[in-house]
Structures are given as structure tokens and as C-alpha cells.
Amino acid sequence: RHRSKWRKQWYQRRVRGIVEEREDTKNVNNWHWSEVDASAPSKKFFNDKFLDLGITGTEGSVRVSEVTKCNGEATVNNRKGKVIYFFEWEIELKWCGKTAMSNDNITGKIIIENISEENTAEEVDISTRQEKNGTEHTKLHAIVKQQLAPKCREVIGEYIQYLQTTHGKQVILPTKGSQGINAVPSKTKPTSVNSIKKQMDETVLSKSTPKETENVTMKKTELTLRDTFKCRREELFQCFINPDRMKAYFGGEAEVDARESGKFSLLGGAITGSYLEIQPVDSIQQLWRFKDWPADMYSSVTLTFKDTGSSTELKLVQTGVPQYSLEQIRTGWSRYYFSPIKMTFGYGTGSL
């Protein structure tokens, strides 16, 4: 949130004049970063949709009676005319119902995990539970698993479209001769929500001519990031070399051989590279690349760990970054490394 606030302030200082004929100068040609917080509307969407679900049949009836947990956030961003969606949700639902052979009120849970821009609706994890054992409980639970859970998955698919159609247009303003994000030809299918792997495939150069793309992709730049973690230096250091720790905050998608010349593969191969130098507790140097960069293109990452007494400061310097990937990488380090480390191990709050 602090990053988006900084971007907004930066934008307000930099935007000057009118590039095309418009009544205002707000984000001309949708060039600058803009962001919409869709968290509260998303919670309302889930609550309305899930509480409307139910199954009635000859063997019994069951419905979602309560949304007991809805934790997460959602933002919709625009940068250079490209809409990027970020969301993560964990949801728990309470179901209740009766079978044709019993008037007992039977209850249980539906747990929905891994709702994020990385996964399609089909890839989201949905599990179901019954509160008590018994023949009628098991019978109704089977209806939940076979019929009600698939309806929950349909809601997740609707949510993805909801973000696009309802909130995507809020960050893309109409430009001269267009009608904004919803100006889609009648036979054109709407694009799916971005996943981290798809973001690596796509760049803001998608509208450039082949010659323009070729010239721009050769340009490289440098990225420097700093963050502070409430832990000891050796604990944070382990988060970048210990396979078990990396699997924990990457959700299992981490293959790591943490030795000099050892290789790593993260997020199903979306990020790969190798360790160049490991100075215990002090620093780590890596070769680091996106899957769909040209085969011979690597960036160099240096991580430096500094003990400040009350916390550990991490400095990251990444050189050889393709210009067009700079914003993706800047956002990715925070979203897929720094924030998950803090959340998984509790390094964001507390004291040493």
C-alpha cells in the first residue's frame, strides 16, 4: 500500500500538459501507474454469490448458510495501458441441510484456497468437511462434494470476470477515438486474468511493431530495493538458500541447490537461475532470469544482509534487467519474496 501511495505522489508530480485533446490531464494515454483497491467490493461479491448457492434433490437439500472466513486482498493496476490484476483469497463457507430420510440439521465446511491471479478457477483448491459422522451426514456430504463444490468453483470463475469488467475499466481511461477497456470487438473473447507466468510472457511492448520491440528489448537497466525484516540476519539469510524455507513461502514450488554453481527453479520453472557466490550470513549473488527471456539473457542479483540491532535490512541490487520488465520485477520481488517471507515466518512484526 505504501508503494502504491508513493507511485501516486510521483505521478502527480510528473504529469504535465496534454498529449491529445482531452478535457482533463489525468493519466493521458493511460501511461502512468494507477491502482484501484478492489478488496471490499470483492468481499461483497463473494458474500452475495456464495450465499445464493444451494442444491435440492430427491436425496436431500443443502445450501451455503454463512461465509465464515474471507481473508485476502485484490488490486487492479494500470501501467502503460496494460491492466494487471493482483488478488489472493482464502475462503471458508458453512453449509447446512437435511436428507430425505432425516430431519436433523446437518452441517459442514467448504474450504477454498489458492484463489489468486496465478491460478485459473480450475486450479483453485476446494475441500469439503462434515461436522459429524453418520450415514445421513456422509450422504449429504457426498452431495456437497459432487454438486455444491463445483458451483463454488463457478463462482471463482465469475469473480475473475467480475474483476475485469467492473474494476478493470476504472484504471483505463478512454483515449481519443476509443471507448476504454470495454471497447472489445463483438467476436473477441475477453482475455483471462494474468497469472505470474503469463505476466512473464507479456510485456508493455505488446502493441509495438516488431522493429520497435527488437530495439527496446535490448535496453537494460538496474533495480535497487531495500526492505526490513524483524528477525536475525542468519534467519533471513536462510530464507534464500534453505530449500524447506523457500518451499514454505513459495507454496511448495521451489527446487533449490544452494551451493556455488548450484541451480534453482521457482514457481514451476517461471524463475530460474544459479548461485554465483554465497557468503554465509553476509551476501548472496545469483544469475536470475524469467522463463521466456531470450535463452542467453540473465540478470545478476546481489542480496546483502545487514544487522541493524532491532531487525535485519535486506538490500537487493539487480543488474542487466530488460527495460520492459522493470515494473514486473519490482512488484514481483515484494509480492512473491518479501511479503510471503514476512507472512510465513512472522518477520513483519514483533521483536527479536
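The values are calculated or read from the model by the stated rules, or taken from the named source; none is laboratory data. Model, not experiment: these values are computed from the prediction. Counting neighbours? That spans all protein chains shown, and the Cβs are built from the backbone with ideal geometry, glycine included. In case anyone asks, the SASA skips ligands and DNA or RNA and just uses the protein heavy atoms, side chains included. Shrake-Rupley method; radii C 1.70, N 1.55, O 1.52, S 1.80 Å.
Residues of the stretch 140-153 that are open to solvent by less than 30 Å² (accessible area, probe 1.4 Å) and farther than 17 Å from Lys98 by Cβ: Ala149, Cys152.
Within the stretch 250-280, the set of residues being assigned to a strand (DSSP E or B) and open to solvent by 70 Å² or more (accessible area, probe 1.4 Å) comprises Glu255, Lys263, Leu276, Gln279. Restricting the stretch 96-139 to residues that are among the small types (Gly, Ala, Ser) and touching a residue at least 12 places away in the same chain (Cβ under 8 Å), the residue that is surrounded by the most Cβ atoms within 10 Å (Cβ to Cβ) is Gly97. Considering the stretch 238-249, and only residues there that are touching a strand residue (DSSP E or B) at 6+ places or on another chain (Cβ under 6 Å) and open to solvent by 10 Å² or more (accessible area, probe 1.4 Å), the residue that is farthest from Gly346 (Cα to Cα) turns out to be Pro243. Scanning the stretch 296-352 for residues that are in a loop (DSSP other than H, G, I, E, B) and either of a type in the set (Phe, Trp, Tyr) or farther than 25 Å from Lys219 by Cβ (or both) returns Tyr298, Thr308, Gly309, Ser310, Ser311, Gly346, Tyr347, Gly348, Thr349, Gly350, Ser351, Leu352. Pairing residues of the stretch 305-330 that are free of Cβ contacts under 8 Å to residues at least 40 places away in the same chain with residues that are among the hydrophobic types (A, V, I, L, M, F, W, C), at Cβ distances under 9 Å and at least 6 apart in sequence or on separate chains, gives Gly309/Leu352. So, Thr344, is that one in contact with a helix residue (DSSP H, G or I) (Cβ under 6 Å, 6 or more places away or on another chain) and of a type outside the set (A, V, I, L, M) or not? Answer is yes for this residue.
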